[in-house]
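Novice: Sending over a structure as structure tokens; questions will come in a sec.
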Amino acid sequence: MSELIECPSGKMLSVRFSNTVTSVFLDTNEQILETVQENQESMFFHPVKYRVLFMDSAQQKHDLIPVSIFDLEDLEELHLEKNDIKVIPKEIRHFQNIKVLYLNNNNIMHVCEELGELKSLQNLDLSSNPLNYNSLDAISKIHQLRELRLYNVSLQEFPVELCKRLYHLQLLGLSNNKLKSLPTEITNLLHLKEIYLQHNAFMCFPVQICALRDLEVVDLEKNKLTSLPVEIGSLSNLVKLFISFNKLSSIPKTLCQCKKLAVLDLSGNRLQKFPHVISELKELNELGLSNNELTKLPSRICHLQSLAVLYLKHNGLSKLPAGFAELESLQTLDLSQNCFTDFPHEICGLKNLRVLSMDDNLISTITSEVRFLKTLSYFGISGNRFPAFPEEVLQLESVQKLYIGQDNGLRLSSLPDNIFMLKNLKELYIENNNLEFLPSTLNLLHNLEVLDCHNNNLKILPDTICQLHSLHQLLLQSNNLASLPDNLDMLCKLELLLLDGNPMVEPPVDVCSLGKSAVWEYLQDKRRKHALATKIQTLWRGIMVRKGLGPFVYLLQFGKKGKKSKKDKKVKGKNKKSDPKGKKK
């Protein structure tokens, strides 16, 4: 089992995945405990048959660890996170084979001494508990421990005893605490590979960790660092360095000695110039420089031939250096919230680009050279100044997600009829515009799964929208819709339909507020009533015809408005009076 452990939301892509020890999975059902207990008393009980190595009892509202779990002495992995457990009982010592123990997000205050008797334990998570600092020394007795997570436990100091005894520790998670420094003894953790110190109170980079030559991941995001020490160059095995949202204005030249550095996040600092040392990191794969004060990029950025992900959001950039297309490995580029007035033609030479965000700039036109982006699948151009839908976008056949909502830019009044040229489009976001109608050709987007049109001026939906058979989400809030197409419920894959903020009549607002199922039921009932009315009308006509009244009834009910029958004319003629001058009657 692998999970995203160290990566909070909003992080750089594809970083901070950590694999936990995986045990053999036999059963996660609580019923197995009862089965074991019942059969232990039986003369036919076979221990091997009921050998359980993995137990998941997370989010079960336990206030105690179930006593029956302690009978599973072969257990290797136990999940008890997100309960309301207050005490780790002494019986925990029975788990002599346990390797992975998750007790995070409970209400544990005291770490009992018996926890230190778990000689096989390699992975322990006690995060988000109101732990008593003085009881943490018990952890130091677990000599085989490889991974220790103490996130969000209000630590102001890291226990020195843990530094002295946990020789095999490879991952130390201390994020979301109140640490200002680390003890000098941290240098004893010679095998440490990952240390997470995010969201603490460090004003100085803990230089002690620069002596840990095996370190591969260092996270000091969201602290108060103003500089990095020159000793950082000693971390020759460093692969990932996260120091975003600090107060850095420069980077030491010695960082270039970290030859293996592949991920560097410097977002949210005070950099006014691109740090030249970065261009010497030949193995760099992901670089985050968003939310700084950069106004230009040097041409030496083009030396980063391994760069696949580049974040430059929210700076002061208005152009790219010549030769930017030399970044042949680049797949993800974020230039949103900058000062571009023209679409940078240098981007069009990035042959492997898949994700491009140019949102919230000042762009009014897109160059026709954009057609060379043959691999682009995600394209964000929301919040710009297009006077009309930029039809150059329609040449991007590979695009699967298109964002052209106009939160901050000029609002579009229409979509082109030939939008179906985006034949691979799966998600279309056109919210916050002035659209009154959608093109009837929308049904030719056979792969469309998400259509977001909220906050427009839509008055009616085309009937062809009912043919978008791949559609999963249809967002239509805050428009001027009074009715829906009669066959909208033909969208059999639709999971989400939002209609609030419309003056709905068919179906009524109160039906729409109940969600998709209620709307579908209303539309189906409406069709049934219409079919029944048609059937009754047809039967009535048949009866009239059989009684010889068919033509008469037809004339009465369906004759042209204002046209008088011959009978009417005859009656009028009989009642005609002569004029007062004595003309012929």
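Novice: In the stretch 360-399, which residues are in a loop (DSSP other than H, G, I, E, B) and of a type in the set (Phe, Trp, Tyr)?
Specialist: 386, 389, listed by residue number.
Novice: Just checking: which of the strands (runs of 3 or more DSSP E) contained wholly in the stretch 400-466 hold 1 or more residues that are in contact with an Asp or Glu (Cβ under 8 Å, 6 or more places away or on another chain) and modelled with pLDDT under 95?
Specialist: none
Novice: Any idea which residue in the stretch 261-285 is farthest from residue 306 (Cα to Cα), counting only those that are of a type in the set (S, T, N, Q) and within 24 Å of the chain's Cα centre (by Cα)?
Specialist: Taking the candidates together, the pick is 267.
Novice: Condition first: hydrophobic (A, V, I, L, M, F, W, C) and either surrounded by 21 or more Cβ atoms within 10 Å (Cβ to Cβ) or assigned to a helix (DSSP H, G or I) (or both). Now tell me which residues in the stretch 218-244 satisfy that.
Specialist: Passing the criteria: 218, 220, 228, 230, 232, 235, 238, 241, 242, 243.
Novice: Would you tally the residues in the stretch 160-175 being in a loop (DSSP other than H, G, I, E, B) and either surrounded by fewer than 21 Cβ atoms within 10 Å (Cβ to Cβ) or of a type in the set (A, V, I, L, M) (or both)?
Specialist: Qualifying residue count, the stretch 160-175: 6.
Novice: Moving on to the next point. When you scan the stretch 109-136, how many residues do you find that are open to solvent by less than 10 Å² (accessible area, probe 1.4 Å) and free of Cβ contacts under 8 Å to residues at least 24 places away in the same chain?
Specialist: 0
Novice: Specify which of the listed residues (209, 195) is assigned to a strand (DSSP E or B), in contact (Cβ under 8 Å) with a residue 12 or more places away in the chain and surrounded by 22 or more Cβ atoms within 10 Å (Cβ to Cβ).
Specialist: Result: 195 is the single residue among 209, 195 that is assigned to a strand (DSSP E or B), in contact (Cβ under 8 Å) with a residue 12 or more places away in the chain and surrounded by 22 or more Cβ atoms within 10 Å (Cβ to Cβ).
Condition check ((1) closer than 16 Å to residue 484 by Cβ; (2) at pLDDT below 75; (3) assigned to a helix (DSSP H, G or I)) across all residues:
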position: 500; (1), (2), (3): yes, no, no
position: 510; (1), (2), (3): yes, no, yes
position: 544; (1), (2), (3): no, yes, yes
position: 556; (1), (2), (3): no, yes, yes
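Novice: Can I ask one more? Could you check the stretch 287-301 and list, in sequence order, the residues that are out of contact with any Lys or Arg (no Cβ under 8 Å at 6 or more places or on another chain) and either at pLDDT below 95 or open to solvent by 10 Å² or more (accessible area, probe 1.4 Å) (or both)? Give the steps one after another, and end with the answer.
Specialist: Step one: filter the stretch 287-301 for residues out of contact with any Lys or Arg (no Cβ under 8 Å at 6 or more places or on another chain), giving 287-289, 295, 297-301.
Once the filter is applied, which keeps residues that are out of contact with any Lys or Arg (no Cβ under 8 Å at 6 or more places or on another chain) and either at pLDDT below 95 or open to solvent by 10 Å² or more (accessible area, probe 1.4 Å) (or both), the stretch 287-301 yields 295, 297, 298, 299, 300.
Novice: Among the residues in the stretch 480-495, are any within 27 Å of residue 406 (Cβ to Cβ), open to solvent by 30 Å² or more (accessible area, probe 1.4 Å) and under 28 Å from the mean Cα position of the chain (by Cα)?
Specialist: Checked the stretch 480-495: at least one residue is within 27 Å of residue 406 (Cβ to Cβ), open to solvent by 30 Å² or more (accessible area, probe 1.4 Å) and under 28 Å from the mean Cα position of the chain (by Cα).
Novice: Hey, another quick one. Within the stretch 302-338, how many residues turn out to be open to solvent by 60 Å² or more (accessible area, probe 1.4 Å) and in contact with a Pro (Cβ under 7 Å, 6 or more places away or on another chain)? Write out each step before concluding.
Specialist: Initially, the stretch 302-338 is screened for residues open to solvent by 60 Å² or more (accessible area, probe 1.4 Å), giving 303, 305, 313-314, 318-319, 322, 326, 328, 331, 337.
Restricting the remaining residues to those that are in contact with a Pro (Cβ under 7 Å, 6 or more places away or on another chain) gives 319.
Adding up the residues that qualify gives 1.
The values are calculated or read from the model by the stated rules, or taken from the named source; none is laboratory data. Just so you know, these numbers come straight off a predicted model, no measurement behind them. Note that we place each Cβ from the backbone using ideal geometry, even for glycine, and neighbour counts take in every protein chain shown. Remember, those area values only see protein heavy atoms, side chains included, never the ligands or the DNA or RNA. Shrake-Rupley method; radii C 1.70, N 1.55, O 1.52, S 1.80 Å.
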